[in-house]
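The values are calculated or read from the model by the stated rules, or taken from the named source; none is laboratory data. On a predicted model such as this, the values are computed, not experimentally measured, just so you know. Positions of Cβ are backbone-derived with ideal geometry, glycine not excepted, and every protein chain shown enters the neighbour counts. Keep in mind that these areas ignore ligands, DNA and RNA; they rest on the heavy atoms of the full protein, side chains included. Shrake-Rupley method; radii C 1.70, N 1.55, O 1.52, S 1.80 Å.
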Amino acid sequence: MIKRVELENWKSHGNSEFEFGKGTNVLVGSLGSGKSGVMDAICYSLFGTFPALNNKRVTIDEVIMAKPNKMETAKVKTHFQYNNK
């Protein structure tokens with residue numbers, strides 16, 4: 001089970017942290033607020049890719065925050081629990 005996701009300079013997230021609980025979790029926000037970016041980050045951290053990257057609609061450089069300032073790197077941390085560990 002995914003417990004927490006930490007994003008740094010990932011798409012529109014300068015420094016964001018999301019806590020997930022047992023059961024169903026929902027991301028709610030306006031258009032362009034970064035919901036898909038969170039899902040892409042989770043996929044990337046677990047599998048090394050995400051659908052838009054896999055389909056070459058974006059490059060890995062495009063996930064690094066560019067506004068308001070261009071950043072050099074991005075970080076994604078996904079904390080998860082398996083068999084109570």
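Taking the numbered list (1) modelled with pLDDT under 95; (2) open to solvent by 70 Å² or more (accessible area, probe 1.4 Å); (3) on the phi < 0 side of the Ramachandran plot; (4) assigned to a loop (DSSP other than H, G, I, E, B) in turn, N84 passes all entries but (3).
Of all the residues in segment 72-81, those that are open to solvent by less than 80 Å² (accessible area, probe 1.4 Å) and modelled with pLDDT under 95 number 1. Filtering segment 17-46 to residues that are open to solvent by 60 Å² or more (accessible area, probe 1.4 Å) and either within 12 Å of T78 (Cα to Cα) or touching a residue at least 40 places away in the same chain (Cβ under 8 Å) (or both) leaves E17, E19, M39, Y44, L46.
If you scan segment 22-47, which residues turn out to be closer than 18 Å to M1 by Cα and part of a loop (DSSP other than H, G, I, E, B)?
Once the filter is applied, which keeps residues that are closer than 18 Å to M1 by Cα and part of a loop (DSSP other than H, G, I, E, B), segment 22-47 yields K22, G23, T24, N25, V26, L27.
Name every residue in segment 1-16 that is farther than 12 Å from F80 by Cβ and either open to solvent by 40 Å² or more (accessible area, probe 1.4 Å) or over 8 Å from the mean Cα position of the chain (by Cα) (or both), in order of residue number. Result: E6, E8, N9, K11, S12, H13, G14, N15, S16. Taking the criterion of being in contact (Cβ under 8 Å) with a residue 60 or more places away in the chain and not in a helix (DSSP H, G or I), would at least one residue in segment 63-71 satisfy it? Yes, some residue in segment 63-71 is in contact (Cβ under 8 Å) with a residue 60 or more places away in the chain and not in a helix (DSSP H, G or I).
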